[in-house]
Each structure stands twice: as C-alpha cells, then as structure tokens.
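Below: one structure, written as structure tokens.
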Amino acid sequence: MENNFEIQTLGAATIPSPLNLAKEDGNKFYRFVEEDDQFLADITLQGFDTCIQHNIRPACLDKAGPREHLYFNPKNTKAAIVTCGGLCPGVNNVIRSLVMALHYFYGSERILGIPYGFEGLVPEKGHEFIELHPDKVKDIHQFGGTYLGSSRGAQNVERMVDTLIEHKIDMLFAIGGDGTLRGAEAIARETEKRGSDIAIIGIPKTIDNDIDLIDKSFGFETAFDTATPIIRDAHNEAAGAYNGVAIVKLMGRDSGFIAASAAIAMPVVNFVLIPEMSFELGGKNGFLAALKKRLDLKHHAVIVVAEGAGQHLFETDSVPKTDASGNIQHRDIGIFLKDSIKHYFESLSQEITVKYIDPSYIIRSAPANASDSVLCNQLAYNAVHAAMAGKTKCVVGKMNNQLVHLPISKVIEKRKKIDVEGDLWFSALQSTGQPFSLL
C-alpha cells in the first residue's frame, strides 16, 4: 500500500484546547493525540516483510482524536453541517453528536444546518439555513431520515463557496457517500484556491458499506439488522406453500454487503445474489437449475438479491441512464427474477408459488441500532476534533478497527466490493448451501 495518507492542514495549530483532560492530582483522564501517533495501514505480515526487505517506511494513518493545540479559536468559530444523498440509519445521530461536541466540548455556539444537501448552499434554491443548538437536536437520534433534509446532484462549486465565505463559515461537516465526498473535496479545492481558511471534513455515509478503505460505514449494520426479521418472515411465507419461493431484494447498487451479511445473520436463505458475482439463469449449472434442485429436495426456497446483481442479464442501453448523483440506474432485478422463475417452472409444468418483497425504503429510513449509534458518536466527535485542529480534505473513519484520518482523495478512488474469494463471501456460501458457481 503506497505511503500517501498525509492529511492536509490549514496552518499551524497554536491555540490551546479548552478540553481539560487533567485530574486534580495531575494525572490524565485521556491523553491528547500527538501528530506522530499513527497506525499501520497494512497490518499483514506480508506487508511488514515487504517494508523490511526494501527498507521502506510502512504506510501510516494519523490517529483521530483531540489535539492539545487548535487552529481555530472555538469561541469565534462558525460551523456548518450538511447531509447529502440517500437516507441512511444514523444520520440524525451524527448531526446531534456534531452539535453536542461543538457546543459542549469546545463552547462553539454558532452552528448552522444546511437544508437539503448541497442545494442549501445555493441561495437561488430558496432554502434557509437552520440554527442548530443542543435543545433543538437532543431527541433527533430517535428517528430515521435526516433532520436537515437531503438531495442528490452536483451544484455549482463556486457558488457554494461564495455562500460559505459570505456567511463566514470556518468549518463544514459533509455527511454523505462517494458523491458527497467528491463534492466536499471540490469545495475544499476551491476554498484553497481562494485562500479561504475553511476546514472541510467528511463523515462517510453509505448504507451499502461501499466506501473504500474504512472498515464499516455507519448505517450498514442497522440495514442488515433490520433486514433479518424480514427474511425470517419471507421464509415463513415460502415454507407455508408447496414449492414456495420467497424473493427479498435488498439495497446494494454496486456492492452486496447488505445482502451477504443479512443472509449469514438469518441462515434460512438458500441463495444470495450480489453484484460482484457472475451467474447465469439458464444452463445445467445455472441459477434456475439450482433452484429446481432445491425445490425438488425441500419444496421451498428463500432468495436474497442485491439491487445491483444480475445487470448483465438485461439488454444494455446504448446510453446508460443515471440519477442526479451520476450513478447508473440499474434495472429491477427483483421483478426480473420473479418473472423468470415463474416462466421457467411454467415451461416445466411444475407448480410453484412466488412471493416478492422489497423493503429497501423501510430499511434505509430506520433509526440506527445501538452499534451504529456508538459508531456515529465516535465519528462525529472525532470529526469535530479534526476540524478544530485545522485538518481539511479528510474523512474520519475506522480502519483496522482504529479511528483515523483519511484523505478524501484516497477513499473516493474506488468503491469497496466483496472479495468473492474472501471470508465474507465464503461464509455466505456456506450458510446458504448454494453452489460455489452458478455458471
């Protein structure tokens, strides 16, 4: 792994932190993080041996956490928070924790909520900023969705930066996925070009868990946690009919982490189909033949399919359709699978019952579970610490189970996908009992 994880700063941090970490006896509640507190990016023995062999310093990541000296004077600092992209469990937890950390840790009282994503930074859209304070956000973590509203699509970067400068905003916290982080980096480049000292900190949000390098995105665990009782009920539907088939479509445009994890968590699933795998419907080793074998043996089957799976089975559009964020709009694999299964068994004169369930919007609108709530708080607190210290163009996330700073440019290089030769997928195959190949 290349050693390119240096975090950009706005300047020298010279202002003493207001955080009092000392006890009366002089001992510490918690040690301030030093700039040389780092973790290895590659923790494998092979990576270590390579560095020794070539006499090179291993790639390292800066530890997240409070610094003893700050770049900004917290009392005079104005912060802004924006949420972009699709809904995801935990967004309100992050908003709440950002406000609480800014107010109670650092004494910052000027906190603005940007309504409806990056649209809110373009005055012509007509959205007014929301004044945020602890009393206003104290209960929002109990609800799904986003208190600030969200939107998709790029906005004029110059106009957004004009707005930040006009409102004298010192730090912007951007909560969102790949597209949001690209937008945040573009804003950071423009502020740098203008010589404006604005810290741009990303808090990675994607229900699909497809942001590269970080261990886990907030909301992902709630997603497959919420999906498991739905799969259980789907199994009841399938088992309640002779040759009953239940199809559950879960979110996962380009990565199948939710589908695979839910299938493992609720081990009544017989087939799980994800975007990373190759499979065919027909043929003696294809999916339909494998499904027939399952029905002939047990007379019911449960199928979990990620929304981005099986796109190769559709006719390719000459010009792919995209959504406002630039993501390719996938065809509906759930309905296609349902119709294909019906037609296949009709051709065999074999009677079946097919139930199709798509709980996607229920799942993404759910409030965060306990585990995700903990992660949301950790990310928010450390994002505030980073911004106050003058860090910019960075995200806070867990890598190798450590909270670290990562350059935005690194995490948006590619999407994280399931390794079909790795442990997670092997566990899914063992749990479902589906053939290793459906080709």
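Assorted remarks:
- Maximal additional length on extending the S278-E158 stretch stands at 38.9 nm, based on 0.36 nm per residue less the C-alpha distance.
- Here the gap between E131 and D36, fully extended at 0.36 nm per residue and compared with their Cα-Cα distance, gives a gain of 30.5 nm.
- When each of T226, T50 is scored by the number of other beta-carbon atoms lying within 10 Å, the sequence from fewest to most is T50, T226.
- Choice from Y116, Y381, Y356 showing the highest fluctuation, given a GNM over the chain with Cα pairs closer than 10 Å: Y356
- In this simple spin-label model, placing a label point 7 Å from the Cα along the Cα-to-Cβ direction at both K293 and L45 gives a separation of 3.7 nm.
- FRET efficiency for the E124 to N55 pair, using the beta carbon distance and R₀ = 56 Å, is estimated at 0.50.
- Springs join every pair of Cα atoms under 10 Å in this Gaussian network model of the chain, and among N369, N209, N156 the largest mean-square fluctuation is at N156.
- Mean residue ellipticity, 222 nm, helices only, the chain: the sum of -39500 (n - 2.57) across DSSP H runs of n ≥ 4, divided by residue count and rounded to 500, is -10000 deg cm²/dmol.
- Distance between segment 165-206 and segment 52-93 - C-alpha centres, whole angstrom: 12 Å
- Separation of the alpha carbons by more than 19 angstrom is noted, of K205/K416; K249/K338; K28/K216, for K28/K216.
- Using the Cβ of H405 as centre and a radius below 12 Å, the other residues enclosed give a net charge of +2, where K and R count +1 and D and E count -1.
- Exposure proxy order (Cβ contacts within 10 Å, fewest to most) of K168, K342, K398: K168, K342, K398
Each value in this text was obtained by applying a stated rule to the coordinates, not by laboratory testing. Note that the coordinates shown come from a computational prediction; the quantities given were computed from them, not determined experimentally. Neighbour counts are summed over all protein chains in view; Cβ atoms, including those assigned to glycine, are modelled from backbone coordinates with ideal geometry.
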